[in-house]
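Enquirer: My questions will all concern the structure given below.
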Amino acid sequence: MTKFRVLLFAGSLSAASAGATTVADCQRVVAQFEAHVGRLALAGRDQPDVQRKLAEAAAPRASMAERLQKLRELSERAGALEAQGKVSRFDADRLARGAEAAMLCLQRVREGR
């Protein structure tokens, strides 16, 4: 029983020392996502539109709700771009997953995790 308590205590210390996700952490996620979007071969207005959504999501004065909404719109846009034949299924999936990763990060910040 004593070993169990020691392990439980050690586990709680490591979890506490890991720290919560910060906005800076999420900014790094968004920056990586922006770099990926910059490498996609989007034609016409699509590239600037996608990058604008990302910039709006990363804007320092944007509320958490606004950031999440812009990322949701970007995730939905990925499906539309694929349906229109403007990106491959692979690239559409990467766009959607990148937006979802950024949303998850922001949700963790909001929840203090």
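Enquirer: Can you give me the relative contact order of segment 21-111 as a percent, contacts being Cα pairs under 8 Å and 6 or more apart?
Expert: That works out to 35 percent.
Enquirer: Test of understanding: express the Cα radius of gyration of segment 21-111 as a ratio to 2.2 N^0.38 Å, with N the residue count.
Expert: 1.02
Enquirer: In what sequence, highest mean first, do 62-70, 93-101 appear when ranked by Cβ atoms within 10 angstrom?
Expert: Highest to lowest by the protection proxy: 93-101, 62-70.
Bear in mind that the values in this text are calculations on the coordinates, not laboratory data. Note that the structure is predicted; figures quoted are calculated from it, not measured. With ideal geometry, Cβ positions are generated from the backbone for all residues, glycine too; neighbour counts draw on all protein chains shown.
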